[in-house]
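Below is one structure, written out as structure tokens; the observations come after it.
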Amino acid sequence: MAPVKVTKICCSGPTCAVIALKCPHITVTIVDLNQARVDAWNSPDFKLPIYEPGLEEVVREARGRNLFFSTDVDKGILEADLIFVSVNTPTKKSGVGAGFAADLNYVELATRRIAQVATSSKIVVEKSTVPCRTAESMRTILEANSKPNCHFDILSNPEFLAEGTAITDLFAPDRVLIGSLQTPEGISACASLTEVYANWVPKDRILNVGLWSSELSKLAANAMLAQRISSINALSAICEATGANIDEVAHAIGYDTRIGPKFLKASVGFGGSCFQKDILNLVYLSESLHLPEVAAYWRQVVEMNEHQKRRFSKRVVDTMFNTITGKRIAVLGFAFKADTGDTRESAAITLIRDFQSEKAYVNVYDPQVVEEQIWTDLAEASPLVPEEQIKKQVRICKSAMEACRDAEAVVIATEWKEFNEINWEEVYQSMNKPAFVFDGRLLVDAEKLRNIGFKVVTIGRP
Ligand code: UGA
């Protein structure tokens, strides 16, 4: 069976912007129901709806050439040979599996829409992170609702890019994973998508596997990455208690090529929209498969992460003479990591909530996160605290300098490079004494800061 030559793709997000850039012969339409987001993608001054280094350059080159943004979802579906389903799959908040399982409502709605609208055969690619065997449900929905002569092939093509490095990850991916049914039709659909990526990704980095392996590999990769962070964070607690230095330990173990040096940076806890969600998903899957020990094993990675955040807040309070009531704390960074404006599951949210409940005053500064987002996250984190109370205790600042003025302590919650380049002498002069720095990201030169006069507390050091 000859693979379909893909000439039109319908999809969403940075991946497809990069496909458009690298494949000028393919028309790529990014469709989204949200008018404001589409307007932002189309904005004449390139004020894009997400902050991602390098994305603007990609959109500048491809937009209007072979990259289009639209709210006309049906037209996108009708015209495309290949459709990426890239919708949200958040953790369910209620019903069966609440708190663990992925909410597949948007996947189902998108799938039904494709079946309803399509008048010709399509390749449908599951891009969202989904529980194992979701592709099967998609196939059943498509087959049950399709028009005569419309045939759908389902592929799984999970996303492995990380926020902040999305464009470089997409330009030179470690691998592209495509899962398909091992039938002639499935293999042929897989070849069509492989051809698209082969425009810039070496063929030996495009891995073709079965559908279920592909779906599970996505959850497994995130679980293994998060597990490394929880492992190093667990060791950071031992370092603090023994006098070992977690950076030295990470360096020493990372030299073993079987372990490797990446993802061994101790921190105040991992955040982001993926790690926690995907592990909880894996936990739910394990429980559904009657594998309670397996579920408990993975759940511990998330529990360790919660423990790390609590431990850090407690260390701040303990160090500041067991009370931070009425004290002003500057929190530098609100995003879940540097180079993104994304705040989902950010450790900063938990820390600020803890400081608020200790009745401290908090000044927050982040170079990318918009003010409205900070208020929304803080309100969600403390649903029982009235908004006026939160706004009395928290102030959002326009610079690190402003946040630190008159504070008793600085807490580094995100590893933004600019926090390293602050004029720390000036910060010291403007703070109340003793002036503390709590480095939750192993970012600053602790010795240099101590020489200025700061009392410095660092994760994973006594
Ligand atoms: C993660 C994965 O790295 C991607 O491969 C995956 O595609 C993505 O999830 C996804 O499923 O969409 P992302 O959440 O964007 O990407 O960010 P990471 O760079 O993985 O960082 C996650 C969290 O771990 C951040 O809070 C970061 O600060 C923290 N981290 C990371 C550490 O605390 N220590 C480290 O050594 C590395």
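The values are calculated or read from the model by the stated rules, or taken from the named source; none is laboratory data. Note that the structure is predicted; figures quoted are calculated from it, not measured. We place every Cβ from the backbone using ideal geometry, glycine too, and count neighbours over all the protein chains shown. The accessibility values were calculated without ligands, DNA or RNA, using every heavy atom of the protein model including side chains. Shrake-Rupley method; radii C 1.70, N 1.55, O 1.52, S 1.80 Å.
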TODO: Quick one: pull the percent of accessible area on the chain belonging to carbon and sulfur, 1.4 Å probe, ligands and nucleic acids left out.
DONE: 54
Task: Antiparallel %, DSSP beta bridges [both residues in the chain], to 5 - done: 5
TODO: Just list whichever of Lys265/Lys337; Lys127/Lys277; Lys314/Lys392; Lys93/Lys337; Lys398/Lys433; Lys127/Lys265 have alpha carbons separated by over 19 Å in the model shown.
DONE: Lys314/Lys392; Lys93/Lys337; Lys398/Lys433; Lys127/Lys265
Open item on the list: Restricting to DSSP H runs of at least four residues, report the calculated mean residue ellipticity at 222 nm for the chain, -39500 (n - 2.57) per run over all residues, nearest 500 deg cm²/dmol.
Closed with: -14000 deg cm²/dmol
Task: Dipole of the chain, positive direction: furthest Cα of Pro14, Ala80, Trp375, with charges on the beta-carbon - done: Trp375
TODO: Can you send over the solvent-accessible area of Ser120, 1.4 Å probe, protein chains only, in Å² to the nearest 10?
DONE: 50
Task: Accessible area of segment 183-316 divided out per residue, in Å², using a probe of 1.4 angstrom - done: 47
Open item on the list: Give the separation of the Cα centroids, segment 17-81 to segment 278-306, in Å.
Closed with: 37
Task: Extension gain from Asp174 to Lys433, taking 0.36 nm per residue of separation minus the Cα-Cα distance - done: 88.4 nm
Open item on the list: Just to confirm the filter: which chymotrypsin sites (Phe, Trp or Tyr not before Pro) across segment 280-369 are DSSP coil and have at most 16 other Cβ within 10 angstrom of their Cβ?
Closed with: Phe321
Task: Accessible area in the full protein assembly, largest first, 1.4 Å probe, for Glu57, Glu418 - done: Glu57, Glu418
Task: Qualifying trypsin sites (Lys or Arg not before Pro) in segment 361-427, DSSP loop, other Cβ atoms within 10 Å at most 13 - done: Lys398
TODO: At 0.36 nm per residue, minus the direct Cα-Cα distance, what do Lys262 and Lys47 gain on full extension? Give it in nm, one decimal, please.
DONE: 74.1 nm
TODO: Would you mind getting me the FRET efficiency between Gln35 and Thr242? Use the beta-carbon distance for r and R0 = 56 Å, nearest 0.05.
DONE: 0.50
Task: Check: the chain dipole with +1 on Lys, Arg Cβ and -1 on Asp, Glu Cβ, in debye - done: 320
Open item on the list: How high is the relative contact order of the chain? Use alpha-carbon pairs under 8 Å, at least six apart in sequence, and give a whole percent.
Closed with: 12
- [ ] Find how many whole Å separate the alpha carbon centroid of segment 373-412 from the alpha carbon centroid of segment 427-462.
- [x] 21
Open item on the list: Report the gain in length on full extension from Arg65 to Lys147: 0.36 nm times residue separation, minus Cα-Cα distance, nm rounded to one decimal.
Closed with: 26.3 nm
TODO: Calculate, for Asn423 and Thr323, the FRET efficiency according to 1/(1 + (r/R0)^6) with r their C-beta to C-beta distance and R0 25 Å; round to the nearest 0.05.
DONE: 0.25
- [ ] Assign one of three labels to segment 87-244, namely rounded, prolate or oblate, based on the Cα gyration tensor with a ≥ b ≥ c the square roots of its eigenvalues; rounded applies when a/c is under 1.5, prolate when it is not and a/b is larger than b/c, and oblate otherwise.
- [x] oblate
- [ ] Kindly identify segment 305-462 as rounded, prolate or oblate by the Cα gyration tensor criterion: order the square roots of the eigenvalues as a ≥ b ≥ c, call it rounded if a/c is under 1.5, otherwise compare a/b with b/c, prolate if a/b is larger, else oblate.
- [x] rounded
Task: DSSP bridge pairs, segment 1-129: antiparallel proportion in percent, nearest 5 - done: 5
Task: Accessible area (Å², 1.4 Å probe, nearest 10) - Val107 - done: 10
- [ ] Round to the nearest 10 and report in Å² the accessible area of Asp174, as given by a 1.4 Å probe over the protein chains' heavy atoms.
- [x] 120
Open item on the list: Report, to one decimal in Å, the Kirkwood hydrodynamic radius for the chain based on all distinct Cα pairs.
Closed with: 23.9
- [ ] Give the accessible surface of segment 1-135 per residue, rounded to a whole number of Å², with probe radius 1.4 Å and ligands, DNA and RNA excluded.
- [x] 46
- [ ] Report the FRET efficiency, 1/(1 + (r/R0)^6), for Leu289 and Thr140, where r is their Cβ-Cβ distance and R0 is 22 Å, rounded to 0.05.
- [x] 0.60
